[in-house]
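The next block holds one structure in the form of C-alpha cells; read it before the comments.
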Amino acid sequence: MDLVRHKQLRRDLELLLELRPLAYVLDEAWFMNRKYALRGAVLIPRPETEELVAWVLDRENENRRLQVLDVGCGSGAIACSIGLERPNWKVRGMDIDLSALSVARLNARKLHAPVRIHQVDMRAERWPSWDVVVCNPPYIGQGMEHTLSPGVAKYEPHLALFAPQADPLYYYRVLANQLRKVIDTSRLIKKRAVAIRRGFMAGDEPREPDQRQPFCKVMYMEMPSDCAASIRDLFGAWDTEMRCDAQGVARMLRVSSER
C-alpha cells in the first residue's frame, strides 16, 4: 500500500471512529443500482425509499406523459431514478437548500438523468406543475434528537430530518394543503375551458362540463409508522392506500384525487 492510500485509510478509520456514517466517509451511496454522491450535504438514501420509488413505477401508467415532482429532493435519488426509468415522464426535483440542490444537479449530470432541479420552498404558494408528487418529508419532531443513532443525529442534515415546531405532521399538512389547492385550481381551469369550448360549439350559452372524465392528481409519501393513521386522516377527503415496507411496517402512503 502506498503512502497516500495509507494516509487516506487512516483518515477514513478516524472518521468512522467519530461515528460518521460510512456513506459520508466514502461520499457515495447506492440507490436502485446507481451510485450517488452525497458531499456530506444530503440525507443518505434509505432502502425504504427504494420501495416507494418502485411503487410509483409499478403503479403509474408508464405510457402517459406524466409530470412528476420530487419534493425535498436532497441527493436527487428519487427524481433521477424515476427519470431514468421513465424517460417519457417529465421529472423535476425541488429543494430549498442550496447545498442539496448542488448535489442533486451533480448526480443528475453524472447519471445523465433527464430531470430538472429547482429551488423551491416546500411551503411556497406555488410549485412546479405536477401530476404525481413523490416525497419523503422531514418528520422527526424538534428536540427528538435522542431517538436517533448518534451518527445520524450528528452528521445528517437536520433540515432534512426535523419538522418545525416539534410537529411530525407539519409537512404532511403542507402536502395536504398543496393537493387541495392544485385540485381546486385544476377544476376551475378545466371547467372554464370546457365551458368556453362548448359555448363556441353550440353557439349559445356554455353548459356544465362533462364530469365523466376527471383529472387525477397523485401523491406518494414516506411516513413514520407511529403517525401513519394520523397522516392518513389528513388526506381523508381523497382516496388513500397504505403500504408496508419489507419489514412489515406501515411506511408508505398513496393519495389520489380520483376515487
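The values are calculated or read from the model by the stated rules, or taken from the named source; none is laboratory data. All figures in this text were calculated on a predicted structure; none of them were measured in a lab. Cβ coordinates were reconstructed from backbone atoms using ideal geometry, including for glycine residues, and neighbour counts include every protein chain displayed.
Residue-wise test of (1) among the aromatic types (Phe, Trp, Tyr); (2) surrounded by fewer than 16 Cβ atoms within 10 Å (Cβ to Cβ); (3) within 26 Å of ARG251 (Cα to Cα).
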{"residue": "LEU38", "(1), (2), (3)": "no, no, yes"}
{"residue": "VAL42", "(1), (2), (3)": "no, no, yes"}
{"residue": "ASN63", "(1), (2), (3)": "no, yes, no"}
{"residue": "HIS112", "(1), (2), (3)": "no, yes, no"}
{"residue": "VAL120", "(1), (2), (3)": "no, no, yes"}
{"residue": "ARG126", "(1), (2), (3)": "no, yes, no"}
{"residue": "TRP130", "(1), (2), (3)": "yes, no, yes"}
{"residue": "CYS135", "(1), (2), (3)": "no, no, yes"}
{"residue": "GLY141", "(1), (2), (3)": "no, no, yes"}
> Which of the following residues is assigned to a helix (DSSP H, G or I) and among the charged types (D, E, K, R): ARG105, ARG116?
Replying inline: ARG105
> Of the residues in region 1-47, how many are in a helix (DSSP H, G or I), aliphatic (A, V, I, L, M) and modelled with pLDDT of 90 or more?
Replying inline: 9
> If you go through region 158-182 one residue at a time, how many are part of a helix (DSSP H, G or I) and touching a helix residue (DSSP H, G or I) at 6+ places or on another chain (Cβ under 7 Å)?
Replying inline: 5
> When residues of region 163-205 are filtered for being modelled with pLDDT under 90 and closer than 21 Å to CYS227 by Cα, how many remain?
Replying inline: 2
>> The conditions are (1) surrounded by 18 or more Cβ atoms within 10 Å (Cβ to Cβ); (2) within 20 Å of LEU66 (Cα to Cα); (3) within 15 Å of the chain's Cα centre (by Cα), and LEU101 fails exactly one of them. Which is it?
In response: (2)
> Can you name every residue in region 87-102 that is assigned to a helix (DSSP H, G or I) and without any contact (Cβ under 8 Å) to a residue 60 or more places away in the chain?
Replying inline: LEU98, LEU101
> Which residues, taken from region 143-157, are surrounded by 13 or more Cβ atoms within 10 Å (Cβ to Cβ), in a helix (DSSP H, G or I) and without any contact (Cβ under 8 Å) to a residue 24 or more places away in the chain?
Replying inline: GLU145, ALA153
> Which of the following residues is more than 15 Å from the chain's Cα centre (by Cα), over 23 Å from ALA54 (Cα atoms) and modelled with pLDDT of 95 or more: ALA113, ALA124, ALA108?
Replying inline: ALA124
>> Cβ contacts < 6 Å: first residue in contact (Cβ under 8 Å) with a residue 40 or more places away in the chain and surrounded by 13 or more Cβ atoms within 10 Å (Cβ to Cβ), restricted to region 226-244; second residue hydroxyl-bearing (Ser, Thr, Tyr) and assigned to a strand (DSSP E or B), any location; separation 6+ or different chain. Result?
In response: none
> Considering only region 49-106, how many residues are touching a Gly at 6+ places or on another chain (Cβ under 9 Å) and aliphatic (A, V, I, L, M)?
Replying inline: 13
